[in-house]
Amino acid sequence: MVESLQEKIFNEAKKLFYVYGFKRITMDEIAVACKISKKTLYQIYPSKELLIKECVEKISFSKVDVIHRTIDSGVSVSHVFKSMFDMFRSLSHDVSQAMLNDMQLMPEMWSMIEERRMTVFERMGEIVERGQQDGSIKKELNIDLFLRIYMGILQKFVTPMMFSEMNVSPSELMSQLEIVIFEGILTDEARKEVNKDA
């Protein structure tokens, strides 16, 4: 299939954004990478902001869409949670540290990502309920409290500022959060000891 000029511009811009971030790249550099005039570029994308917005929208939509399709497919609850963590982990393939650093200065872009994330959060309740019914999630778990804790963790820790502050990739951070949320920090031996003393 032949790539349209708009697709070519988007793909070239995305490559440049990944390497250098959003702020550093100019429309001149995008035009040069696409081997087109700046005038042609501006006819398709009147501003760099539109190109950045489309880039963030496509990345966030594709990730969230995978989660919605996984939920709708009826797979096991543990598979849904695994897919969610895998989705966040795979962010580092589409969003570089340079892009994340620039997003700190672009709250409107992060706000768009938050909106997408909320659509997943809204469906989390049904996943946890399904897990309680099939026995994969403890019946005594307070769903509302769990969802608030889970969303609080994502809002606090899965942010450009946190990646930058802790100097970790989205993949590394999500691996640690997966351990804390679903496996706990205690070893099996320590957990037995705690249960014995309870």
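The values are calculated or read from the model by the stated rules, or taken from the named source; none is laboratory data. Just so you know, these numbers come straight off a predicted model, no measurement behind them. Every residue, glycine among them, receives a Cβ derived from its backbone with ideal geometry; neighbour counts consider all protein chains shown. Surface accessibility is based on the protein's heavy atoms, side chains included, excluding ligands, DNA and RNA. Shrake-Rupley method; radii C 1.70, N 1.55, O 1.52, S 1.80 Å.
See the values below:
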| read-out | value |
| --- | --- |
| Accessible carbon and sulfur surface of the chain relative to its total accessible area, %, 1.4 Å | 56 |
| Protection-proxy order for peptides 127-139, 11-23, each taking the mean of Cβ atoms within 10 Å per residue, highest first | 11-23, 127-139 |
| Charge-dipole axis of the chain as Lys and Arg at +1 and Asp and Glu at -1 on Cβ define it, positive-most pick from Val95, Phe10, Gly74 | Phe10 |
| Over the range 17-81: Kirkwood hydrodynamic radius from C-alpha pairwise inverse distances, Å | 14.2 |
| Computed over the range 50-91, the ratio Rg/Rh where both radii use C-alpha atoms and Rh is Kirkwood | 1.09 |
| Prolate/oblate/rounded call for the range 135-188, Cα gyration tensor, a/c under 1.5 rounded | oblate |
| Zero-based 5 Å bins, Cα pair distances in the range 68-183, whole percents | 2, 10, 20, 24, 20, 12, 7, 3, 1 |
| Cα-centred dipole magnitude for the range 1-65, charges only on beta-carbon of K, R (+1) and D, E (-1), debye, nearest 20 | 200 |
| Space enclosed by the convex hull of the alpha-carbon atoms of the range 1-53, per residue, Å³ | 74 |
| Relative contact order computed over the chain (Cα-Cα under 8 Å; 6+ residues apart), in percent | 23 |
| 19 Å Cα-Cα threshold exceeded, pairs from Lys58/Lys82; Lys14/Lys156; Lys14/Lys82; Lys8/Lys38 | Lys58/Lys82; Lys14/Lys156; Lys14/Lys82 |
| Charge-dipole axis of the chain as Lys and Arg at +1 and Asp and Glu at -1 on Cβ define it, positive-most pick from Leu186, Phe121, Gly21 | Gly21 |
| Projected area averaged over orientations for the range 86-148, convex hull of C-alpha atoms, nm² | 5.4 |
| Given charges at beta-carbon only (K, R positive; D, E negative), |dipole| of the chain in Debye | 520 |
| Accessible surface, the range 10-63, averaged per residue in Å² (probe 1.4 Å) | 55 |
| Mean accessible surface per residue for the range 68-183, computed with a 1.4 Å probe while every protein chain stays in place, in Å² | 54 |
